[in-house]
Amino acid sequence: MANINDIAQRAGVSVATVSRVLNGNPYVSEAKRAAVQRVIEELDYTPNRMAVDLIRKETRNIGVIMPYNNNQAFDQLLHGVLNRSVEQEYSVTVLPTKYDPAKELRCLHMLKNKQLDGIILGSRSNDWDAIVPYSKYGTIVACEYTDHHEIGCAYVDRYASYLDVFQLLRDKGHSRIAFTTARGEVSNSTRLTLQAYQQIVGELPPEYHVQDCYSMEDGIRAARQLLHLNPRPSVIYANGDEVGAGIYRYAQSIGLELPGDLAIIGQENQPVGIALNLATVDHHLVSIGEQAFDLLIGKSKTKIEVPYELIIRPSI
């Protein structure tokens, strides 16, 4: 197998020149670059990627920590990252954790081992005190707001969006408002939803909150719990359009009509919600993924707020 010494000898240049060509160094004459490239093709030479990375002090590979890789919301976020990574010729390693704190820390440890140039936190299970120390080994960007100066972030003001949703529902005359969330109060999103509910609606009847909702099947389960209550909620705010679609499906199965018998509003403007004409709050997760990637490769600690959008449709 050929090595760079063989290439240098056959091309009539120094080993240093071959190294510069392999690493894209601009300070090589076009004649020497062409000679080296010609020999590389003749010998069908493939450089040792790890050795090149060590010379460059970068891998051009980033990691994206997310709890699941079969969730539409996280797929939207990842789609934004991949949009940019293809343009910039970076590789992306998806690091699903299932919200396991130990697994998340092992992923962050990949920065210390120089396996990744940086990490985007799609969602996290550890406190910031456990995460921030890893920023000295590589760039970390969060997809939620953090005031830690070591961490850049692309985020949406979720609390403001939740306030707007509940206010919209109150303005439409609803007082029996139920909602679904993913994780319990360990989740910042859930805590903010509960705070917004209290501020706009008032005291929450515990039975009007269903947790652990991620999919259409979870939406059906939530609807089964909520739609047989007395009094039944007049509107359900689903934490995703897939969950909202499950609620819609079950409501139809028991003869309820939208929005007269039950109103539904979802999140993230996903295809199933568009197809069913569900109102939604779009947190523009694709844009958050794109902005997070830009911050990461720019090694920036900037805080970028992405606007959300309320999309009104006939389901409310």
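For region 1-14, what are the residues that are of a type outside the set (Lys, Arg) and either more than 43 Å from the chain's Cα centre (by Cα) or buried (at least 20 other Cβ atoms within 10 Å of the Cβ) (or both)?
Step one: of region 1-14, the residues of a type outside the set (Lys, Arg) are 1-9, 11-14.
Selection gives 4, 5, 6, 7, 8, 9, 11, 12, 13, 14.
Exactly one of (1) among the β-branched types (Val, Ile, Thr); (2) under 26 Å from residue 282 (Cβ atoms); (3) buried (at least 18 other Cβ atoms within 10 Å of the Cβ) is unmet by residue 139. Its number?
Among (1) among the β-branched types (Val, Ile, Thr); (2) under 26 Å from residue 282 (Cβ atoms); (3) buried (at least 18 other Cβ atoms within 10 Å of the Cβ), the lone unmet condition for residue 139 is (2).
Name, by its number, the condition in (1) at pLDDT 95 or above; (2) open to solvent by 50 Å² or more (accessible area, probe 1.4 Å) that does not hold for residue 188.
(1)
Considering only region 159-173, I want to know if a residue exists there that is under 30 Å from residue 60 (Cα atoms) and open to solvent by 30 Å² or more (accessible area, probe 1.4 Å). I'd like the intermediate steps shown before the answer.
First, pick out the residues of region 159-173 that are under 30 Å from residue 60 (Cα atoms): none.
No, the conditions are met nowhere in region 159-173.
Within region 297-314, is even one residue polar (S, T, N, Q) and part of a helix (DSSP H, G or I)? Steps first, answer last, please.
If we filter region 297-314 for residues that are polar (S, T, N, Q), which is where we start, we get 300, 302.
Within this subset, residues satisfying the condition of being part of a helix (DSSP H, G or I) are none.
No: zero hits.
For residue 229, only one of the following conditions fails: (1) touching an Asp or Glu at 6+ places or on another chain (Cβ under 8 Å); (2) assigned to a helix (DSSP H, G or I); (3) surrounded by fewer than 22 Cβ atoms within 10 Å (Cβ to Cβ). What is its number?
The one condition residue 229 does not meet is (2).
Would you call residue 221 open to solvent by 60 Å² or more (accessible area, probe 1.4 Å), assigned to a helix (DSSP H, G or I) and either among the hydrophobic types (A, V, I, L, M, F, W, C) or modelled with pLDDT of 95 or more (or both)? Please lay out each step first, then the result.
Working: open to solvent by 60 Å² or more (accessible area, probe 1.4 Å): yes; assigned to a helix (DSSP H, G or I): yes; either among the hydrophobic types (A, V, I, L, M, F, W, C) or modelled with pLDDT of 95 or more (or both): yes.
Against the criterion (open to solvent by 60 Å² or more (accessible area, probe 1.4 Å), assigned to a helix (DSSP H, G or I) and either among the hydrophobic types (A, V, I, L, M, F, W, C) or modelled with pLDDT of 95 or more (or both)), residue 221 qualifies.
Name the residue that is surrounded by the most Cβ atoms within 10 Å (Cβ to Cβ), counting only residues in region 269-296 that are polar (S, T, N, Q) and either without any contact (Cβ under 8 Å) to a residue 40 or more places away in the chain or part of a loop (DSSP other than H, G, I, E, B) (or both).
Applying the first criterion (polar (S, T, N, Q)) to region 269-296 yields 269-270, 277, 280, 287, 291.
From what's left, either without any contact (Cβ under 8 Å) to a residue 40 or more places away in the chain or part of a loop (DSSP other than H, G, I, E, B) (or both): 269-270, 277, 280.
Working: 269: 20, 270: 23, 277: 11, 280: 26.
Residue satisfying both the conditions and the ranking: 280.
Could we say that residue 69 is in contact with a Pro (Cβ under 6 Å, 6 or more places away or on another chain) and modelled with pLDDT under 85 here? First the steps, then the outcome.
Details: in contact with a Pro (Cβ under 6 Å, 6 or more places away or on another chain): yes; modelled with pLDDT under 85: yes.
It is true that residue 69 is in contact with a Pro (Cβ under 6 Å, 6 or more places away or on another chain) and modelled with pLDDT under 85.
Can you confirm whether region 29-44 contains a residue that is modelled with pLDDT under 85 and under 30 Å from residue 297 (Cα atoms)?
no
Could you identify the single residue in 272, 286 that is more than 30 Å from residue 88 (Cα to Cα) and either at pLDDT 95 or above or not acidic (Asp, Glu) (or both)? Walk me through it before giving the result.
On the way: 286 fails: more than 30 Å from residue 88 (Cα to Cα).
Residue meeting the stated conditions: 272.
Taking only pairs six or more apart or across chains, which ones have beta-carbon atoms under 9 Å, a first residue in region 68-86 that is of a type in the set (Lys, Arg), and a second residue that is surrounded by fewer than 20 Cβ atoms within 10 Å (Cβ to Cβ) and part of a loop (DSSP other than H, G, I, E, B)?
As it stands, the answer is none, since no pair meets every condition given.
The values are calculated or read from the model by the stated rules, or taken from the named source; none is laboratory data. This structure is a prediction, so every number in the text was calculated from the model and none was measured. Cβ sites come from the backbone with ideal geometry, for glycine too, and all protein chains shown count toward neighbours. Quick note on the areas: whole protein, heavy atoms, side chains included, nothing else; ligands and nucleic acids left out. Shrake-Rupley method; radii C 1.70, N 1.55, O 1.52, S 1.80 Å.
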